[in-house]
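Chemist: Here it is, the structure in full.
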There are 2 protein chains.
Amino acid sequence: MKTSEDERHKAKMIKRKAVQDAEVAKKTIEKGLLIVNTGPGKGKSTAAFGLALRMLGYGRRVGVVQFIKGAWHTGEKDAFAAFGDKVVWHTMGEGFTWETQDLKRDVAAAAAAWEKALELMADPSISLVVLDELNIALRYDYLDLDKVVEALRNRREGLHVVVTGRNARPTLIEAADLVTEMGAVKHHFSAGVKAQQGIEF
Amino acid sequence: MKTSEDERHKAKMIKRKAVQDAEVAKKTIEKGLLIVNTGPGKGKSTAAFGLALRMLGYGRRVGVVQFIKGAWHTGEKDAFAAFGDKVVWHTMGEGFTWETQDLKRDVAAAAAAWEKALELMADPSISLVVLDELNIALRYDYLDLDKVVEALRNRREGLHVVVTGRNARPTLIEAADLVTEMGAVKHHFSAGVKAQQGIEF
């Protein structure tokens, strides 16, 4: 590597750093975020749990409500047990709607899960609440969309909330601070690979 | 809710379950996956760490190499300490290239990180290796793309590897089993919100 190349690189990076620092300096607001992870790709719930883990790294408390999943065992639930009472976990869903095959039961389960969500959101000891697969309950009208979005908008100051699931409703996206669409560029299920321990569950 | 509505729902869900079960039955392959989380949106590293957490929930071991981040403190690193020697963590990066401003140093750091990656990938006690921000090192040609992809393709049977970072190279995408593109639908940085503890770091 020639010195001149090094020097060009350095000059370029000094400029880049100035741009970067100016960008960072413009961002001054601190607030509890409403975060939505949606889209057909993998990683919506997984990223929400990764965020919970990051929060736990600072000794802060996290609440989780699972709206749909819950009929089956997941590794993340066991892993979070390592953090004791820093994690409050409610598995309220009884599985996908094609598993229960009972609309009334699905609606009742969603309502009970939402009550738990409100409880966690009101608890001042909790910094982050994950509402896992809430988007599914909203998509199938198991819950009143306007009431849910209003409560999310009126969350207490400083509270971060992550909502996951495909097909996020536009009203929810409108209310959110951060929306990520997970797109499936390539998926191993299409190649006949089955759900595996530690990857899908 | 009328009974007839319940019955229609049930009939629909029975059909849906049959389709779903047939889909699942077609998937019979078990294999260690090469997973790539890319795109401009949030959640690439976060989802990788969520996957690591899921694996830890089954008592399986996880390895992490951070190629770029590492000049600053992150919550997830502290959180993983709760799992003791189940997590092997190497922070090799010295920050973004506009922070170091030294191309030779960046190239040397990437080469050292890749050595650690090969070590973890060869360790039979490890089920999942996270190569955090490897895409950045590949994008800037800090590492030989073909050599890296060849080593990833030749990973030992059953080993899952997750590569994160924007602008994944097409050669890597070609070799991967699962590729997710995180798209930024809406980002709080655009609204002047700064990086916050537990969310960005």
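Chemist: Just checking, which of A:Val107, A:Val62, A:Val88 is within 29 Å of B:Phe189 (Cβ to Cβ) and either touching an Asp or Glu at 6+ places or on another chain (Cβ under 7 Å) or not aromatic (Phe, Trp, Tyr) (or both)?
Modeler: Answer to the check: A:Val62.
Chemist: Among the residues of the stretch A:108-121, how many are within 15 Å of A:Leu34 (Cα to Cα) and surrounded by fewer than 16 Cβ atoms within 10 Å (Cβ to Cβ)?
Modeler: Going through the stretch A:108-121 one residue at a time, the tally reaches 1.
Chemist: Follow-up. Residue by residue through the stretch A:3-19, note down the ones that are touching a helix residue (DSSP H, G or I) at 6+ places or on another chain (Cβ under 6 Å) and under 11 Å from B:Asp102 (Cα atoms).
Modeler: If the condition is that a residue be touching a helix residue (DSSP H, G or I) at 6+ places or on another chain (Cβ under 6 Å) and under 11 Å from B:Asp102 (Cα atoms), then A:Asp6, A:His9, A:Met13 are the ones that fit.
Chemist: Does the stretch B:120-136 hold any residues that are among the polar types (S, T, N, Q) and in contact with a helix residue (DSSP H, G or I) (Cβ under 6 Å, 6 or more places away or on another chain), and which are they?
Modeler: Selection gives B:Ser127 alone.
Chemist: Right, something else. Go through (1) over 27 Å from A:Glu200 (Cβ atoms); (2) of a type outside the set (A, V, I, L, M); (3) not in a loop (DSSP other than H, G, I, E, B) one by one and return the number of the condition A:Arg54 breaks.
Modeler: Single failed check for A:Arg54: (1).
Residues checked against (1) more than 29 Å from A:Ile14 (Cα to Cα); (2) in contact (Cβ under 8 Å) with a residue 24 or more places away in the chain; (3) among the basic types (Lys, Arg):
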| residue | (1), (2), (3) |
| --- | --- |
| B:Thr91 | no, yes, no |
| B:Glu94 | no, yes, no |
| B:Glu99 | no, yes, no |
| B:Leu103 | no, no, no |
| B:Ala111 | no, yes, no |
| B:Lys116 | yes, yes, yes |
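Chemist: For the stretch A:5-51, which positions are on the phi > 0 side of the Ramachandran plot and of a type in the set (Val, Ile, Thr)?
Modeler: The answer is none; no residue qualifies.
Chemist: Criterion first (buried (at least 20 other Cβ atoms within 10 Å of the Cβ), facing another protein chain (nearest Cβ under 9 Å), of a type outside the set (Gly, Ala, Ser) and in a helix (DSSP H, G or I)) does B:Glu76 satisfy it?
Modeler: yes
Chemist: Same structure, new question: From A:Gly183, A:Gly198, A:Gly165, grab the single residue that is surrounded by 15 or more Cβ atoms within 10 Å (Cβ to Cβ), touching a His at 6+ places or on another chain (Cβ under 8 Å), under 27 Å from A:Thr74 (Cα atoms) and of a type outside the set (Lys, Arg).
Modeler: The unique qualifying residue is A:Gly198.
Chemist: What are the residues in the stretch A:2-25 that are among the basic types (Lys, Arg) and surrounded by fewer than 12 Cβ atoms within 10 Å (Cβ to Cβ), if any?
Modeler: A:Lys2, A:Lys15 - these are the residues of the stretch A:2-25 that are among the basic types (Lys, Arg) and surrounded by fewer than 12 Cβ atoms within 10 Å (Cβ to Cβ).
Chemist: Would you be able to tell me the number of residues in the stretch A:6-29 that are at the interface with chain B (Cβ under 7 Å from one of its Cβ atoms) and in a helix (DSSP H, G or I)?
Modeler: So the answer is 9.
Chemist: Just one of A:Arg105, A:Arg139 is surrounded by fewer than 22 Cβ atoms within 10 Å (Cβ to Cβ) and either touching a strand residue (DSSP E or B) at 6+ places or on another chain (Cβ under 8 Å) or under 18 Å from A:Thr164 (Cβ atoms) (or both); which is it?
Modeler: A:Arg139
Chemist: Name the residue, out of A:Gly50, A:Gly63, A:Gly43, A:Gly32, that is at the interface with another protein chain (Cβ under 7 Å from one of its Cβ atoms), modelled with pLDDT of 90 or more and touching a strand residue (DSSP E or B) at 6+ places or on another chain (Cβ under 9 Å).
Modeler: Every option except A:Gly43 fails the conditions.
The values are calculated or read from the model by the stated rules, or taken from the named source; none is laboratory data. All values derive from a computational prediction rather than experimental measurement. Neighbour counts run over all protein chains shown; Cβ positions are idealised from the backbone, glycine included.
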